[in-house]
Amino acid sequence: MNHVLASFICGLLLATNGLDAWAQPANSWFTAADDLPVTSQKPNIVLIMADDLGYGDLGCYGQKLISTPRIDQLASNGMRFTQAYAGAPVCTASRSVLMTGLHNGHTPARDNVPHYHTYLQEDDATIAEVLKPAGYRCGGVGKWSLGDAGTIGRATHQGFDSWFGYLNQDHAHYYFPEYLDDDEGRLELTGNGALRKHYSHDLLTDRALEFIRKSQANPFFLYVAWTLPHFAAKDEDPDGLTVPSTAPYSDRDWDQRSKKYAAMVHMLDSDVGRIVDLLSELELDENTLVIFTSDHGGHWSVPKQFQTNGSLRGYKRDLTEGGIRVPFIARWSGTIAANQTSQEVIAFQDMLPTFAALAGVSPPQGIDGISVVDALQGNELAAPREFLYWDYGHCRARYDQAVRWKDWKGIRLGAGSDLQLYNLATDISESHNIAEKHPDIARRLEAMLDSAATPSERYTIGKRYRGKPLWTREK
């Protein structure tokens, strides 16, 4: 099966027809490389991203109490990555890294605060903007976070032909919203907060399935940014876990919060199955790459019995592995061999250049991501990056940084603090700080931390942000 993907990439590189059909965008970052022409064999790409789902929440990653048969099946039919990383330990920044191919120290949005109406600017390039010149129809559902309605950062101004869901980060805290953003307008759901007639996840899933049906004749990119199992606003649910029913866990001898969380993961799993089933029904399996992942680690409030992040230390908002290592599954029937496990180190910033390679176009220059097509082939990365970088807390009480180089992980908790050093090959739980035993390695990683991030006027280190969300439920 690996030879099929290799042949596909070679076909993209060698084909010589189809260039006249390109619609060249105005963005100065784009170059249509002569050796990467469009072919008729470009795969569809379905990228499904859960929200706050931990590394240990899935059966195929060790979960024992919550059943996830459809996602587990996706893994058994494809490739399960054990060393995949989110772009950041929080939602907005991680999505920015995913969309732009720039790591946490370079990407436009670097944290959930300060709150801005828009994060992406006119000259920022997204996955959708890279794929559109290759003839892709690009659609998205769910949580965008990178630009509110009416701003240049909105999804439909950043390459997406359609977007349905929540453009604003804080709007997504409501599962029974009064409206959802729908392309350039709204789907009004007046009274839904009280009547609870329309659970947003169901609407998002229905629209995702509709997009696939309408787009099946041509190459498409579908970004399914579901909000499950992210916590809800407390004024919508006192447990912070809004779900229509606790089935199929209603009769378990668990507290109510545990039942609700498990039911959220169950809904997520079932609807992954609905998407996969539709691709099969439409006979698109062999021409569709399906990726499932999460935007960062699980939240600390998830009931402890579930061990949301498995043996990893920390949670969402942490730069230890529990905050940034995520489940990542890739299935492409007939191309990616079944039942594979990859230990290659990949990250969200790699998605843009990888999708560009599969589509036969060049990614923007100067991005931090690399193509991981080699990893999808089941091989080692031919040209691995020098290091991976994350940070968190520019405008908070403490500014943290982390770097991974080979198997070494360095963490600095607070500007100017001593480096914590871990060997992930022998200490995945980051429980033994060995900086004193390896001073040369520690100094090397400190130099990486000092040089990795480009200062941003929007994210002042040491100046604490005390503002409030721009979006309120009354809007």
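Every read-out reported here was derived from the displayed coordinates using simple, explicitly stated rules and does not represent laboratory data. The shown structure was predicted, so the numbers you read here are calculated from the model rather than taken from an experiment. Methodologically, a virtual Cβ is constructed for each residue, glycine included, from the backbone with ideal geometry; neighbour enumeration extends over all protein chains shown.
At-a-glance table
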item: Listed residue (A435, S280, L131) projecting farthest to the positive dipole end of the chain, Cβ model; result: A435
item: Computed [θ] at 222 nm, deg cm²/dmol, the chain (DSSP H ≥ 4; -39,500 (n - 2.57); rounded to nearest 500); result: -7000 deg cm²/dmol
item: Prolate/oblate/rounded label for the chain (Cα gyration tensor, a/c 1.5); result: rounded
item: Hypothetical label at I434: residues of the range 382-408 whose amide nitrogen lies under 14 Å (7 Å Cα-Cβ projection); result: 405-408
item: In nm, spacing of pseudo-spin labels at S456 and E386 (7 Å Cα→C-beta vector); result: 2.1
item: Selection of trypsin sites (Lys or Arg not before Pro), the range 384-437, meeting DSSP coil and at most 15 other Cβ within 10 Å; result: R398, K406, K437
item: Added length on full extension, which subtracts the Cα-Cα distance from 0.36 nm per residue, S311 to K214; result: 30.7 nm
item: All lysines inside 25 Å of K214 as judged from Cα atoms, apart from same-chain residues fewer than 8 positions distant; result: K42, K132, K143
item: Where GluC sites (Glu not before Pro) in DSSP loops with at most 12 other Cβ within 10 Å are excluded, longest remaining stretch of the chain; result: 1-121
item: Point-to-point label distance, S280-D427, nm (Cα→Cβ direction, 7 Å offset); result: 4.5
item: Within straight-line cross-link reach of K260, aspartates and glutamates at Cα separation under 18 Å, skipping those fewer than 8 residues along the same chain; result: D51, D52, D57, D202, D235, E236, D237, D239, D251, D269, D271
item: Simple spin-label estimate for E184 and R473 in nanometres, 7 Å along Cα-Cβ; result: 3.2
item: At 0.890 mPa s and 25 °C, Stokes diffusion of the range 355-430 via Kirkwood alpha-carbon radius, µm² per second; result: 164
item: Rg followed by Dmax, in Å, when the range 76-152 is reduced to its Cα trace; result: 13.9, 42
item: Globularity ratio of the range 335-475, using Cα Rg and 2.2 N^0.38 Å; result: 1.29
item: Trypsin sites (Lys or Arg not before Pro) within the range 250-331, DSSP loop, no more than 15 other Cβ atoms inside 10 Å; result: R252
